[in-house]
Amino acid sequence: MKKFLMLITMLMLVCLLAAGCGGNAAPETDKTAGGITVTDDNGRTVSLNGVPQKIVPLSASFLEPLRELDAHVAARVSSKHDVPDEYKKLPEVGSVYNINIEKVIEQQPDLVIAYKGMNDKFVSNFEENGIPVIVLEMRTYGQVKNTVDILGKVTGSTAKAQEINQNMDARIEAVKKLLPDKKPRIAILHSTAQNVTVQLETSIAGSTAELLGFNNIAAGSMPLENNPTAAPYSLETLVAANPDIIYITSMGKLETIKASMQKSIEQSPAWQSLPAVQAGRVYYLPQELFLLSPGLNYPDAAEYMAKLAYPELFN
């Protein structure tokens with residue numbers, strides 16, 4: 001009888017422990033989270049009732065991280081660049097520079113993600129309609145990682161977000177390990193149909209160069225009043241700085257811009273005096289990685305820039 005009672009008692013304890021463990025176990029990604037509070041890149045504190053089920057991102061740059069985090073996206077902006085297959089058939093709400101507010105509201109989203117400096121001016125319009133808005137920026141690598149962290153919290157996928165950032169860090173570190181200790185002095189020019197500027201550390205190419213430890217000759221320069229990522233261009237200053245490598249980013253038709261730049265370089269004695277020009281170390285960077293945010297492809301941008309500087313190390 002005593003043995004029987006002891007057996008019953010042990011079984012009850014096992015059941016209680018199992019029930020307790022089962023009740024406290026949390027899934028890796030909490031898709032049924034209660035209240036969620038985040039601070040966006042405009043310093044705004046945004047509270048959500050739970051994991052959003054109808055997200056409308058106002059920049060295509062947000063689509064890939066949202067897909068990786070299994071987010072519920074209801075609509076998107078139009079884009080000439082790659083859109084994840086899962087989102088290609090979604091309704092469009094204009095372009096990143098020309099958002100159709102009415103179309104966004106028609107989707108009845110429970111979260112809008114605006115891009116800082118591009119369409120965050122519409123925050124009040126959406127909030128007046130009871131739609132919460134998070135403002136994020138994905139220009140520098142640090143901003144990309146912060147965006148992934150915030151989106152991970154919003155979507156209840158914090159563990160996945162951490163994994164994404166760790167994988168990007170590891171890939172960039174693998175590229176850096178191949179590079180010599182002494183890093184090149186570089187200049188990064190940005191050419192459009194209208195003008196040429198010099199890119200700072202806060203630009204995409206500047207951030208990529210900083211990741212690699214390259215020495216940007218424009219680092220610390222006073223930015224333009226209307227563009228915090230760029231400084232005024234001066235050929236005289238460029239010649240005096242004498243960079244080892246010149247990278248050129250562009251906006252517009254690359255072939256046209258490249259032809260215009262090449263004509264200026266070939267016809268200018270000042271340009272021709274630069275050792276970087278004489279050695280053929282003037283490189284045009286692809287727009288898909290260096291015009292719009294490379295997002296989760298920042299490691300690819302870093303590898304691309306490093307390969308141009310040290311092609312022999314990547315063969």
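Things worth noting here:
- Inter-part distance where segment 144-211 and segment 75-110 are each reduced to a Cα centre, Å: 26
- Among the trypsin sites (Lys or Arg not before Pro) found in segment 144-243, those both in a DSSP coil and sparsely packed, with 16 or fewer other Cβ atoms within 10 Å of their Cβ, are Lys177, Lys182.
- Sparsely packed trypsin sites (Lys or Arg not before Pro) within segment 239-279, loop by DSSP, other Cβ within 10 Å at most 15: Lys253
- Projecting the Cα positions of Pro65, Ile105, Ser95 onto the charge dipole of segment 36-173 (unit charges on Cβ atoms of Lys, Arg, Asp and Glu, taken about the Cα centre) puts Ser95 furthest along the positive direction.
- Per-residue ellipticity at 222 nm from helix content only, as computed over the chain with -39500 (n - 2.57) for each DSSP H run of at least four residues, stands at -12000 deg cm²/dmol.
- Computed magnitude of the charge dipole of the chain (debye, nearest 20; Cβ of K, R +1, Cβ of D, E -1): 540
- Mean silhouette area of segment 248-315, derived from the convex hull of its C-alpha atoms and averaged over all directions, reads 5.3 nm².
- Evaluating 6.51 cos²θ - 1.76 cosθ + 1.60 at θ = phi - 60° for every residue in segment 160-166, the Karplus couplings come out as 5, 4, 4, 5, 4, 5, 5 Hz, glycine and proline recorded as x.
- Among Ile36, Ile134, Ile248, residue whose mean-square fluctuation peaks in a GNM of the chain (springs only between Cα atoms under 10 Å): Ile36
- Of all DSSP beta bridges in the chain, antiparallel share, percent nearest 5: 40
- When the chain is described by a simple charge dipole with +1 on each Lys and Arg Cβ and -1 on each Asp and Glu Cβ, the residue from Gly220, Ile265, Pro299 located farthest towards its positive end is Pro299.
- Label corresponding to Cα Rg over 2.2 N^0.38 Å when calculated from the structure given, among [x] 1.28; [y] 1.05; [z] 1.85: [x]
Rule-based calculations on the coordinates, nothing more; no lab input. The shown structure was predicted, so the numbers you read here are calculated from the model rather than taken from an experiment. When we count neighbours, we look across all protein chains shown, and the Cβ atoms used for this are built from the backbone with ideal geometry, even at glycine.
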